[in-house]
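The values are calculated or read from the model by the stated rules, or taken from the named source; none is laboratory data. If you're wondering where the values come from, they're calculated on a predicted model, not measured in any experiment. Heads up, the Cβs are rebuilt from the backbone with ideal geometry, glycines too, and the neighbour counts pull from every protein chain shown.
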Amino acid sequence: MTIVALAIAGAAGVLARYGISNAFHGATLSWATVAINVVGSFLLGCLIVMPASWISGDARTVLGVGLLGGFTTFSTFSVQAFLDFETGEPLRALAYIAASVLLGLAAAAAGYYLTRSLVH
């Protein structure tokens, strides 16, 4: 049953990412990916610190691996950064990489510490 829930959650994450990315075409697509990855990092940071009394191991897997795994996208990040370099936009590529990594780490830490403060 967990595998079915995992697949459904993964599909939901992919559809959410598609919907958000589809709303922003062209020059803003890479920043939509940054936002998706930052939100996903924050939510995963929250999820990993939630106690077992709040969420079962199976639910944690379904939400973390399925929903958030389908929602966030490292491959899109990598290709977009490469394409920015390839098309002669190295500063844009570096800003995109820095924003994705730094904001993603900050969001993961914020989610972790916020949720940990709520459960302790």
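Residue by residue, here is whether (1) in a loop (DSSP other than H, G, I, E, B); (2) in contact with a Gly (Cβ under 9 Å, 6 or more places away or on another chain); (3) of a type outside the set (A, V, I, L, M); (4) modelled with pLDDT under 95 holds:
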site	(1), (2), (3), (4)
29	no, no, no, yes
45	no, yes, yes, yes
64	no, no, yes, yes
94	no, no, no, no
105	no, no, no, no
* Asked: Considering region 93-120 alone, what residues qualify as being of a type in the set (S, T, N, Q) and surrounded by 13 or more Cβ atoms within 10 Å (Cβ to Cβ)?
  -> 100, 115
* Find the residue count for region 13-58, including only residues that are of a type in the set (Gly, Ala, Ser) and buried (at least 16 other Cβ atoms within 10 Å of the Cβ). => 9
